[in-house]
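Below you'll find the structure, written out as structure tokens, and then a few comments.
Read-outs: derived from the displayed coordinates by stated rules, not from any lab. Predicted model, so just to flag it, every value in this text is computed and none were measured. For neighbour counting, all protein chains shown are included, and Cβ atoms are generated from backbone atoms with ideal geometry for every residue, glycine included.
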Amino acid sequence: MWGGRIITSSELDFSVPDFSKRVLQVDEDLFLFNPLVNDPADCFNHSCDPNAGMNGPTSLIAMGDIAVGEEITFDYAMCDGSAYDEFDCNCEMPRCRHHVSGADWKIPDLQERYAGYFSPYLHRRIAASVLHL
């Protein structure tokens, strides 16, 4: 699904146009950066009520039926655990959080709703946080 080169947080370069749109967090302090502009993966947008989820660190899987012509969306909470891509959300879904941050994976409702659809490193974080309760 996504391709590119692995970089660390010290290599995040927000001076590059649309940088955050071309970065996917794949592990603790590891990010996949795609230098290509208009890559097909750029077409997958955020939604607070998505129809797809993470299936490993770099691919998506449908969470249910997706109609022909329906936009494929995923919640960035499923893969972002850092503050590199925070923004105000206007997805207009009934469940819209209105702000998306790298801490959203901690929200209990999202952990329940997206169980099985988080990036592997976030699965590990969630499991560790449950053990420490």
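Structural remarks
- Summed over the stretch 30-55, residues that are part of a loop (DSSP other than H, G, I, E, B) and surrounded by 14 or more Cβ atoms within 10 Å (Cβ to Cβ) total 8.
- Criterion: hydroxyl-bearing (Ser, Thr, Tyr) and over 23 Å from GLY3 (Cβ atoms) - qualifying residue of TYR84, TYR114: TYR114
- The residue list ALA77, ALA127 contains one member that is within 11 Å of the chain's Cα centre (by Cα), aliphatic (A, V, I, L, M), within 25 Å of THR8 (Cβ to Cβ) and not in a loop (DSSP other than H, G, I, E, B), which is ALA77.
- The criterion of being under 22 Å from VAL130 (Cα atoms), out of contact with any Ser or Thr (no Cβ under 7 Å at 6 or more places or on another chain), surrounded by fewer than 18 Cβ atoms within 10 Å (Cβ to Cβ) and touching a residue at least 60 places away in the same chain (Cβ under 8 Å) holds for ASP27.
- Residue within the stretch 83-106 that is within 24 Å of HIS123 (Cα to Cα), among the acidic types (Asp, Glu) and touching a helix residue (DSSP H, G or I) at 6+ places or on another chain (Cβ under 7 Å) present: yes
- Filtered residues of the stretch 56-71 (kept if closer than 22 Å to ASP109 by Cβ and surrounded by 14 or more Cβ atoms within 10 Å (Cβ to Cβ)): LEU60, MET63
- The stretch 93-118, subset farther than 18 Å from GLU28 by Cβ and within 11 Å of the chain's Cα centre (by Cα), residue surrounded by the fewest Cβ atoms within 10 Å (Cβ to Cβ): VAL100
- Residue check, GLU11 exposed (fewer than 14 other Cβ atoms within 10 Å of the Cβ) and more than 20 Å from ALA127 (Cβ to Cβ): yes
- Which numbered condition TYR121 fails, given (1) loosely packed, with under 13 Cβ neighbours inside 10 Å; (2) outside any loop (DSSP other than H, G, I, E, B); (3) in contact (Cβ under 8 Å) with a residue 12 or more places away in the chain: (1)
- The conditions of being free of Cβ contacts under 8 Å to residues at least 24 places away in the same chain and over 16 Å from the mean Cα position of the chain (by Cα) are not met by ASP88.
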